[in-house]
Amino acid sequence: MQAIHWCLRVKGSGYLAIWLGTIALLFACSPSSVPPVPPEAQPAEQRQNAPVEDYQIGPEDVVEVMVWKNEDLSRVVNVRPDGKISLPLIGDLKAAGQTAEQLKVSIAEALKQYYKEPPQVSVIVQQVNSYAIYILGQVQTPGRYVVKSGTTFLQALSLAGGFTPYASTNRIVLRRQRSNGQGEDAMRVRFNDVVVGKQQNLLLKRGDTIVVP
C-alpha cells in the first residue's frame, strides 16, 4: 500500500490516468523490483560507524582561554613545541594530549587556590595546526597536510590531487606511529578494495604517512 500511495502522489489526482497505468505503476514502485545495494558498493564511511574522538590538542595549535570576570587571565595562547602553554598565575601547563574540556578542568584546578569559589573557565581551540598527515610518492601534490580529526584515507588522497599515471594504487602503504611511541606499524592498502568496500576506509590519525609507490 505504501508503494501505491507514493505512485498516486507522483502521478497526480487524475484517477482515470492512474487506473490506466496501475499495473505498470505497481511494478515500477514495488520495493521488490529495486535491487538492493550490495554491501561492497556502500561507502566505507557508512559501514565503519566509528565515533570520532574528541580532538586532542597538539603543538602549534591555538587555544583561547576565558576566565569569567577576569580579563587579565583570559587570552589566546599558542601551544609550544613542547606541548605546553603559559598562563598568568599558573605558569607552564601541559596542553598537548588533552581535549578542550580536559584542559579547562586542568586550568580551573590550577586557579582555584586564588579564588574563594571555583573559577569558571572555558577553552576553545581556535586553530588546529597539529593534526597533520603526510602523503608521499606518486600523487599529484605530495606533502604535509593539516586535516580535521575524522579524515579518511580516501579523503586524504583527494587532498593530494589523486594519483600520477605511474602510481601502483594497490600497493599503498599507510605508516602509523605506535601509541607507546616505540616505532611504527605499516599497513598495506589496496585502493580498489577500499573504493568497493572490501577493505576499510581507515580514519587517519595525527602523524600518519601515506606512501604511494
Which residues among the stretch 69-88 fall inside the zone where the amide N is under 19 Å from a point 7 Å beyond the Cα of residue 105, along Cα→Cβ? 85
For a footprinting-style exposure proxy, rank 55, 114 by other Cβ within 10 Å, fewest first. 114, 55
Any residue on another chain or 5+ positions along whose placed amide H is under 5 Å from the amide H of residue 150 is listed here as 204
Straight-line reach only, C-alpha to C-alpha below 25 angstrom: list the lysines that residue 84 could link to, leaving out same-chain residues fewer than 8 apart. 69, 94, 104, 112, 148, 205
Counting only residues 5 or more places away or on other chains, whose amide H sits under 5 Å from the amide H of residue 99 once H atoms are built in the peptide plane? 57
Gap separating the Cα centres of the stretch 112-129 and the stretch 60-86, nearest whole Å: 9
If you plug each phi of the stretch 61-78 into the Karplus form 6.51 cos²θ - 1.76 cosθ + 1.60 with θ = phi - 60°, what whole-Hz ³J(HN,Hα) values come out, in order, with x for Gly and Pro? 5, 10, 10, 9, 10, 10, 10, 4, 6, 8, 5, 5, 8, 8, 6, 9, 10, 8
Could you give the size of the charge dipole of the stretch 117-210 about its Cα centre, using +1 on the Cβ of each K and R and -1 on the Cβ of each D and E, expressed in debye and rounded to the nearest 20? 300
Go through the stretch 94-99 residue by residue and turn each phi into a ³J(HN,Hα) via Karplus (6.51, -1.76, 1.60, θ = phi - 60°); whole Hz please, and just put x for glycine and proline. 6, 10, 4, x, 9, 7
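Only the coordinates and a few stated rules stand behind these numbers; no lab work does. Just so it is clear, the model here is predicted, and its values are computed rather than measured. With ideal geometry, Cβ positions are generated from the backbone for all residues, glycine too; neighbour counts draw on all protein chains shown.
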